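These notes are about the structure you will find just below.
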Amino acid sequence: MATSAEHVIACTLKPAFGEQQDYFSIFGLVPSCVVDLDDLRVRYRQLQQAVHPDRFAHECDRSQRLAQQQAAQVNAAYNTLKSPLLRAQYLMACAGQERAAERTVQDAGFLMTQIELRERLDEAANDLSTLDQLMADVRKKIAQHQQSFAEAWQKQEWLAAQNAIDKLQFATKLSLEIEDRQEHLLDI
Amino acid sequence: MALLQISEPGMSPAPHMRKRAVGIDLGTTHSLVATVRSGSPVILPDGNGDNITPSAVHYFADGSVEVGKAARVQAAKDPLNTLLSVKRLMGRGLQDVSSLGGGFSYRFADQDGMVQIETVAGLVSPVQASAEILKHLAARASTALDGALDGVVITVPAYFDDAQRQATKDAATLAGLQVLRLLNEPTAAAVAYGLDRGEEGVIAVYDLGGGTLDISILRLSRGVFEVLATVGDTALGGDDFDQALAEWVLQQANISALDFSGRRELLDICRAAKEALSNATSVAIAFNGWSGSIAREQYDALIEAFVERSVRCCRKALRDAKISAEEVAHVVMVGGSTRCPFVRKKVGDFFQQLPLTDIDPDSVVALGAAIQADQLVGNRPDSELLLLDVIPLSLGLETMGGLVEKIIPRNTTIPVAKAQEFTTFKDGQTAMSIHVLQGEREMVTDCRSLARFELRNIPPMVAGAAHIRVTFQVDADGLLSVSARENSSGVQAHITVKPSYGLSDSEVVRILQDSFTYAKEDVQARKLSEQRVEARRMQENLLSAMQADGALLTEDERSGLLCLLDELVQQENSQDSRAIAEVVERAARESEFFAARRMNAAVQKALTGKSIQELSAADDSNGV
């Protein structure tokens with residue numbers, strides 16, 4: 001854990017966190033599908049303690065700008081690594097497996113499940129407890145897709161990994177729609 | 001390398017090297033200034049020993065001003081030249097004023113897209129009036145600290161958008177102050193409570209001022225305050241309570257019309273009554289020959305809708321932070337309006353605990369700002385205190401159909417930089433208009449327009465070939481700058497825009513004139529635009545489906561769909577949103593069979609693929 005602070009100093013000696021700097025190495029971690037979120041948060045706070053512009057508020061503009069860039073980079077890395085979907089997409093990009101723009105999911109079973117979940121969302125209409133149940137189910141799906149991604153990524157089966165990401169994306173989007181519906185119903 | 005030495009412990013500057021830093025709470029109804037003395041934050045009172053300075057500026061014909069209490073007493077006598085509650089006008093245009101509700105009795109004017117107020121001293125902007133208040137407080141602090149100030153922290157409502165923040169910073173620049181940081185008020189309050197010492201956990205801050213409501217949810221750990229979510233309403237506050245009570249008095253007294261000064265006088269009376277009701281169960285009110293009294297229950301009923309609205313914000317803040325009410329360790333109350341027992345009760349009920357009120361709710365923000373200023377100026381290098389704040393409203397760009405594409409979502413921790421690539425949609429297009437917006441809604445017209453600029457000299461290419469990278473940067477003050485660059489062919493164009501309000505920077509003003517086109521809520525226009533996008537989307541979907549799976553169609557079916565496409569193209573630019581909606585709906589209905597057929601085909605294909613795999617697996621195992 002002491003690596004975080006040292007790590008930052010090493011980085012300030014180099015020009016700055018370049019755009020190419022690996023998000024995992026910023027936190028002193030090796031690329032992995034599984035991230036301990038509590039540990040990540042601790043590392044994140046330690047890093048911000050070192051690089052945040054508030055630490056350089058009384059210094060020259062140049063230091064401030066540098067701090068600003070570094071803190072923004074740390075925030076970007078943190079936001080990416082703490083989200084399962086963004087993390088998975090990032091891992092794929094690191095592996096040189098950028099998503100082709102026009103891919104469609106061809107897994108019939110998955111499409112059926114997806115249609116079924118959407119129908120349930122439509123049917124749930126204005127019933128909060130039905131929405132809650134649906135949300136619980138969708139969260140389970142998200143966990144499953146995360147698991148399949150992790151397995152595929154480990155074995156470097158990129159097609160399977162990309163399929164898992166597609167599914168994860170579908171499920172995540174659905175969960176956001178459920179949240180919107182819930183908030184609408186709660187009038188907040 | 002100085003960069004690193006600063007964070008080294010044990011380098012506390014000697015006392016004589018201490019720098020002069022203050023925190024300023026620039027409030028809607030009143031303002032305060034505080035500093036840290038012998039390690040503790042203290043309010044710097046005026047000559048009469050008063051901590052609170054009314055946020056009032058009185059203009060004289062010769063251009064001179066008086067600020068604070070002296071100005072406040074002029075409000076009823078000289079209402080047109082005594083500016084109150086200017087904070088509500090910061091970063092706003094003339095069209096916004098009507099949506100801010102009553103309470104303003106000024107003659108408004110528009111200049112360069114910014115609202116201005118006509119006074120005997122000429123046009124005055126809210127930024128200028130705020131600068132007068134800041135100068136007044138800074139002068140007091142300079143006297144008390146025996147020297148020029150090295151830096152100030154100015155607090156703003158967490159829910160302030162970019163225009164409001166920029167206006168506040170401009171006011172400070174006009175006042176000649178070195179701004180160390182714009183600090184969100186709820187965060188400042190959390191700092192003042194000193195909860196960072198030894199505490200871990202989640203804190204909710206409920207800040208109800210004169211004109212604004214802020215709720216922030218913070219996670220606290222080892223001196224780091226991480227804001228998880230912030231929700232607010234820049235048009236909800238104690239002023240609304242005064243208005244509600246005034247309406248009640250007018251009704252009781254059977255008064256139908258009031259002039260400016262009469263209204264101002266009544267509001268002053270109501271404010272006094274409201275304050276008295278925090279301690280008394282009933283108060284007497286006399287106005288214009290009418291006299292009566294109001295009980296606390298009656299008053300609570302008058303303000304209930306406003307308080308309910310604020311509790312809804314609490315609920316939303318918890319949801320955004322993904323925190324349950326039980327997980328909240330402390331609730332901090334900020335702002336004069338939280339003296340109201342009804343407010344305390346409702347907030348306490350919601351969070352299921354007694355809110356913290358031991359620090360004077362009027363002073364708590366300024367005290368927290370002073371602590372932060374002391375640290376930022378370099379007086380306490382050993383401190384672990386660090387504030388990680390968020391942007392309250394999403395930032396985005398206008399895309400086709402008047403829709404907003406979000407680039408940075410709300411509640412993103414700042415500072416932040418994010419880039420997105422866009423492309424041209426016409427062959428040979430050499431310029432691209434970039435319209436920056438802030439807000440949660442999908443339509444451009446429902447969000448706040450922050451800036452508009454053009455990226456020119458894009459080399460002519462076919463549509464879609466250009467790669468225009470637009471970068472949004474939000475600094476630690478929550479202020480945005482945007483740059484754009486075309487880099488597909490090695491040719492680069494670059495422009496950086498920083499929206500600014502109130503300063504006479506001619507280029508900035510020009511941008512403002514272009515951009516400050518506030519659209520009113522226009523349901524019709526939005527519908528039309530949405531329907532047009534819908535019609536276009538339907539065309540694209542149909543076309544690509546026919547291209548991909550045309551083999552699934554009979555000749556008759558194909559010509560039927562082509563007719564539908566024709567109609568969509570014809571209706572797309574109609575002015576009648578209902579006509580477009582009709583043809584879109586019909587197209588959806590009449591092409592449904594095709595969609596179903598395609599889905600079946602896709603399912604079949606996937607299943608077949610699977611069975612072939614299974615087959616070959618079986619073959620393998622059989623050794624074939």
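The values are calculated or read from the model by the stated rules, or taken from the named source; none is laboratory data. Since we're looking at a predicted model, the values are computed, not measured. Cβ sites come from the backbone with ideal geometry, for glycine too, and all protein chains shown count toward neighbours. For accessibility, only protein heavy atoms count, side chains too; no ligands or nucleic acids. Shrake-Rupley method; radii C 1.70, N 1.55, O 1.52, S 1.80 Å.
General observations
- Relative contact order of region B:76-191, defined on C-alpha pairs under 8 angstrom at six or more residues apart (%): 24 percent
- Gyration tensor (alpha-carbon) shape descriptor, region B:100-190, a/c threshold 1.5: oblate
- Heavy-atom accessible area per residue - region B:111-249, 1.4 Å, Å²: 25 Å²
- For region B:275-345, applying the loop criterion from DSSP together with a ceiling of 13 other beta carbons within 10 Å to the trypsin sites (Lys or Arg not before Pro) yields B:K322.
- A 1.4 Å probe run over the protein chains yields, for region B:324-390, 33 Å² of accessible area per residue, whole-number rounding.
- Overall Cα dimensions of region B:280-332, principal axis frame, Å, largest first: 54, 18, 15
- Gyration tensor verdict on chain B (Cα atoms; rounded if a/c is under 1.5, prolate if a/b is larger than b/c, oblate otherwise): prolate
- Peptide packing for B:254-263, B:401-410 was compared via the average number of neighbouring C-beta atoms within 10 Å per residue; ordered from the highest value, the list is B:401-410, B:254-263.
- Projected-area mean, region B:22-62, by convex hull of Cα positions, square nanometres: 4.0 nm²
- Computed from Cα atoms alone, the Kirkwood hydrodynamic radius reported for region B:319-372 is 12.2 Å.
- When peptides B:466-479, B:579-592, A:141-154, B:359-372 are sorted by average Cβ neighbour count within 10 Å, with the highest value leading, the order is B:359-372, B:466-479, A:141-154, B:579-592.
- Under a model in which nothing but the beta-carbon of Lys, Arg (+1) and Asp, Glu (-1) is charged, region A:78-188 shows a dipole of about 580 debye around its Cα centre.
- Partners for B:K77 among aspartates and glutamates (Cα-Cα distance below 15 Å; same-chain residues under 8 apart left out): B:E66, B:D259, B:E265, B:D268
- Summing Lys and Arg as +1 and Asp and Glu as -1 over all other residues whose Cβ lies under 12 Å from the Cβ of B:E118 gives a net charge of 0.
- Note on chain B: dipole from Cβ charges, positive end direction compared against B:V57, B:P157, B:T423; the farthest Cα belongs to B:V57.
- Residue mean of other protein chain beta carbons inside 10 Å, B:473-484: 2
- Fraction of accessible area attributable to carbon and sulfur, region A:31-188 (%, probe 1.4 Å): 50 percent
- Dipole in debye (nearest 20) - region B:341-455, about Cα centre, beta carbon charges: Lys, Arg +1; Asp, Glu -1: 280 debye
- Counted charge near B:T35, where neighbours are those whose Cβ lies closer than 12 Å (Asp, Glu -1; Lys, Arg +1): +2
- The mean number of Cβ atoms from other chains found within 10 Å of a Cβ in peptide B:414-420 is 5, as a whole number.
- In terms of packing, defined here as the mean over residues of other Cβ atoms within 10 angstrom, the peptides B:425-433, B:63-71 line up highest first as B:63-71, B:425-433.
- The mean number of Cβ atoms from other chains found within 10 Å of a Cβ in peptide A:37-49 is 3, as a whole number.
- Three-way shape label, region B:145-235, alpha-carbon gyration tensor, a/c 1.5: oblate
- Expressed as a whole percent, the accessible area of region B:56-172 that falls on carbon and sulfur atoms is 49 (1.4 Å probe).
- For chain B, the residue among B:Q166, B:A535, B:P392 whose Cα projects farthest onto the positive side of the dipole built from Cβ charges is B:Q166.
- Surface burial for A against B, with a 1.4 Å probe and both sides summed, reaches about 3400 Å² of accessible area.
- For region A:162-188, a decrease in accessible area of 20 Å² or greater in the assembled protein chains relative to the isolated chain, with a 1.4 Å probe, applies to A:E179, A:E183, A:L186, A:D187, A:I188.
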